[in-house]
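Scroll down for the structure; my scribbles are underneath it.
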Amino acid sequence: MTRPLTIAMDEKFEKLFAMMAEMKAGQAGLENKMEDGQEEMRFEQEEMRKGQEEEEEMKNQIQVHVNSQVEDIKDHVNSFIKKVEDAEAIKGEIEDVKSEVQRKK
């Protein structure tokens, strides 16, 4: 009676070892998939970082361009203000000359 019990136990151990080997293989497969997923995540994060750097560089370039345009507009406006001031000064001189002429009449 002990012999059939020993055979049955051996069969159970064989099944148990087979299941353990299967589980170990499955675990290795999952670990590989997890490593692949982590590598893909690292790649995607690097791509995102590069995209953010490019976006920041573009923002900086736009800001430099806008600042340049603002300075050009300021210069243009200041030029017109100077012309208006010059015209007003000339107008004042003309008024002075008119007054002088009127006085001499």
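Values in this text are rule-based calculations from the coordinates and carry no lab data. The shown structure was predicted, so the numbers you read here are calculated from the model rather than taken from an experiment. Glycine also receives a Cβ, built like all others from the backbone with ideal geometry; neighbour counts cover every protein chain displayed.
Dividing the summed helix terms, -39500 (n - 2.57) for each DSSP H run of n ≥ 4, by the number of residues in the chain produces a 222 nm estimate of -38000 deg cm²/dmol to the nearest 500. For the chain, the longest principal axis of the alpha carbon atoms and the long axis of helix 2-104 meet at an angle near 0°. By other beta-carbon atoms within 10 Å, ranking Arg3, Arg42 with the fewest at the front produces Arg3, Arg42.
Taking 20 °C and 1.002 mPa s as conditions, the chain diffuses translationally at an estimated 92 µm²/s according to Stokes-Einstein applied to its Kirkwood radius (Cα pairs).
Seen from Met9, the other residues with C-beta closer than 15 Å to its C-beta sum to a net charge of 0, counting Lys and Arg as +1 and Asp and Glu as -1. Take the Cα radius of gyration of segment 8-64 and divide it by 2.2 N^0.38 Å, N being the number of residues; the result is 2.39. Here the extension length gained between Glu55 and Val101 equals 9.7 nm, from 0.36 nm per residue of separation less the Cα-Cα distance.
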